[in-house]
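Enquirer: The structure follows.
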Amino acid sequence: CFLTLVFLKRRRTDRMPSSEEEGFECAATFEKMTKKLETRPELADKINGTFAFTITSGDRRIHYVVVAKKPEPSVRQAKPDDGKKPDCAITISDADFKKLASGKLSGMAAYMSGKMKIKGDMALAQKLALLLTDDKPKAKL
């Protein structure tokens, strides 16, 4: 009974992970991307593209689609081939994606070292940083 109440009180942003997401740490980053696109819709104009992510962990894979363009930007978990061709397809391990999202690994370093594979629009891939980075101003020294 208590679990039912907790589940019913959960907001959309506090959703329970799907069985496919269990064991992956990337779900939280995609939730942050969702919130960022909702609170800053002007980012969709700046990015203006779609991303298909394949996140790997051992022999397991999970897929996400990020639509960062008008009229309705969105982030969703997807099937491996949902029939729509993205502007940019990215394959990266869950651990490296976490480092990329936290700023401990740069996109360029991940790509050059082979940790991240990109197919499609490379310029669009560079705009991914707009969704991953915090909006907090950095101190100028």
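The values are calculated or read from the model by the stated rules, or taken from the named source; none is laboratory data. Values in this document were obtained by computation on a predicted structure and should not be read as measured data. No Cβ is skipped: glycine too gets one built from the backbone with ideal geometry, and neighbour counts run over all protein chains shown. Quick note on the areas: whole protein, heavy atoms, side chains included, nothing else; ligands and nucleic acids left out. Shrake-Rupley method; radii C 1.70, N 1.55, O 1.52, S 1.80 Å.
Enquirer: Given 5 Å bins starting at zero, what is the percent of C-alpha pairs of segment 61-101 in each, up to the one with the largest pair distance?
Expert: Whole-percent P(r) values from 0 Å outward: 5, 17, 28, 27, 15, 6, 1.
Enquirer: If you put +1 on each Lys and Arg Cβ and -1 on each Asp and Glu Cβ, how big is the dipole of segment 16-134 around its Cα centre, in Debye rounded to 20?
Expert: About 320 debye.
Enquirer: Simple spin-label model, 7 Å along Cα-to-Cβ: Q126 to K32 in nm?
Expert: Taking the two extended label points, one gets 2.3 nm.
Enquirer: Taking the convex hull of the alpha carbon atoms in segment 38-141, what volume per residue do you get, in Å³?
Expert: In segment 38-141, the Cα hull volume divided by residue count equals 118 Å³.
Enquirer: Can you pull the one-decimal nm distance between simple spin-label points at K79 and A95, each 7 Å off the Cα toward Cβ?
Expert: About 3.2 nm, to one decimal.
Enquirer: Also: With all protein chains present, calculate the accessible area of T133 using a 1.4 Å probe and round the result to the nearest 10 Å².
Expert: 70
Enquirer: Still on this structure, I have one more. Over 26 Å between C-alpha atoms is what I'm after, so list which of K99/K119; K70/K99; K70/K104; K70/K119 land there.
Expert: Correct reply: K70/K99; K70/K104.
Enquirer: Where does each of K79, K127 land when they are ordered by accessible area, with a 1.4 Å probe and the largest first?
Expert: Largest accessible area first, the list is K79, K127.
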